[in-house]
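Read the structure below first, then the notes.
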Amino acid sequence: LLPYTTRVRAIRGAPIHWQRFDKPVRKSKDMMQSRRILANAARYNLGWIGNTFRIDSLHDLYIIDRYNENGIRPAASVCYGLAVALKCAGLSDKELGTSRATAFRHVIMLVKGVAAVYKANKTDGTGWGNDWQTAFWATLSGQGAWMIWDSLDDETQHMVQPLDTDEA
């Protein structure tokens, strides 16, 4: 449907050692309420993705066809929020309303969809980027991508890099 290209760039950086973040959590009333709120937000956003975007099965991504604030900003926010919830909260399948594998697949496809339509990753002169709020959108989607970096394929990693470096 849409022309997707990837700039070949070397990926450099240290791997994330997630075990450093495994700390015991004191299960207070406030913590449990916060967990329920986070799980509700994650379930809502997973449903929102499926109700908002069509799937490009050839490229294994969600199609984002509006390159303005209403098209990119909510998707970028969900990339970040879901990635943090999935990597840091350890939400169960029951809390997510779907399997963790399915939830990861949705956020990976959304990250790829947002990155694929960034200007530097398109050859037709369209896409989003280099505007007054786009650095914020790049930060949201880029930090979400970083949280799940080890789950992203090489193509997606290559597409995420220019949106973060160009918007920095």
Does the stretch 143-153 contain any residue that is farther than 30 Å from Met32 by Cα and either modelled with pLDDT of 95 or more or not in a helix (DSSP H, G or I) (or both)? yes
Residue count, the stretch 121-135 (criterion: open to solvent by 70 Å² or more (accessible area, probe 1.4 Å) and either closer than 14 Å to Arg66 by Cβ or within 20 Å of the chain's Cα centre (by Cα) (or both)): 2
Among (1) touching a helix residue (DSSP H, G or I) at 6+ places or on another chain (Cβ under 7 Å); (2) crowded, with 24+ Cβ neighbours inside 10 Å - the single one Ser151 does not satisfy: (2)
Residue in the stretch 52-63 that is part of a helix (DSSP H, G or I), at negative phi and not small (Gly, Ala, Ser) present: yes
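Condition check: assigned to a helix (DSSP H, G or I) and either among the acidic types (Asp, Glu) or touching a Phe, Trp or Tyr at 6+ places or on another chain (Cβ under 8 Å) (or both). Does Trp137 satisfy that? Before the answer, list the steps.
Values: assigned to a helix (DSSP H, G or I): yes; either among the acidic types (Asp, Glu) or touching a Phe, Trp or Tyr at 6+ places or on another chain (Cβ under 8 Å) (or both): yes.
The answer is yes for Trp137.
Can Asp131 be described as over 14 Å from Asp166 (Cβ atoms) and acidic (Asp, Glu)?
On the way: over 14 Å from Asp166 (Cβ atoms): no; acidic (Asp, Glu): yes.
No; evaluated as a whole, the condition is false for this residue.
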Just to be sure I understand, how many residues within the stretch 88-120 are outside any helix (DSSP H, G or I), surrounded by fewer than 19 Cβ atoms within 10 Å (Cβ to Cβ), at pLDDT 95 or above and among the hydrophobic types (A, V, I, L, M, F, W, C)? 0
Is it the case that the stretch 17-34 has a residue that's over 14 Å from His106 (Cβ atoms) and surrounded by 14 or more Cβ atoms within 10 Å (Cβ to Cβ)? no
Filtered residues of the stretch 68-77 (kept if open to solvent by less than 10 Å² (accessible area, probe 1.4 Å) and in contact with a helix residue (DSSP H, G or I) (Cβ under 7 Å, 6 or more places away or on another chain)): Ile72, Ala75, Ala76
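Does Asp65 count as closer than 18 Å to Met109 by Cβ and loosely packed, with under 14 Cβ neighbours inside 10 Å?
Considered against the rule, which asks whether it is closer than 18 Å to Met109 by Cβ and loosely packed, with under 14 Cβ neighbours inside 10 Å, Asp65 comes out as yes.
The values are calculated or read from the model by the stated rules, or taken from the named source; none is laboratory data. Predicted, not measured: the structure shown is a model, and the values here were computed from it. Quick reminder, even Gly has a Cβ in these numbers, built from the backbone with ideal geometry, and neighbours come from all protein chains shown. Just the protein is used for accessible areas: all its heavy atoms, side chains included, with ligands, DNA and RNA removed. Shrake-Rupley method; radii C 1.70, N 1.55, O 1.52, S 1.80 Å.
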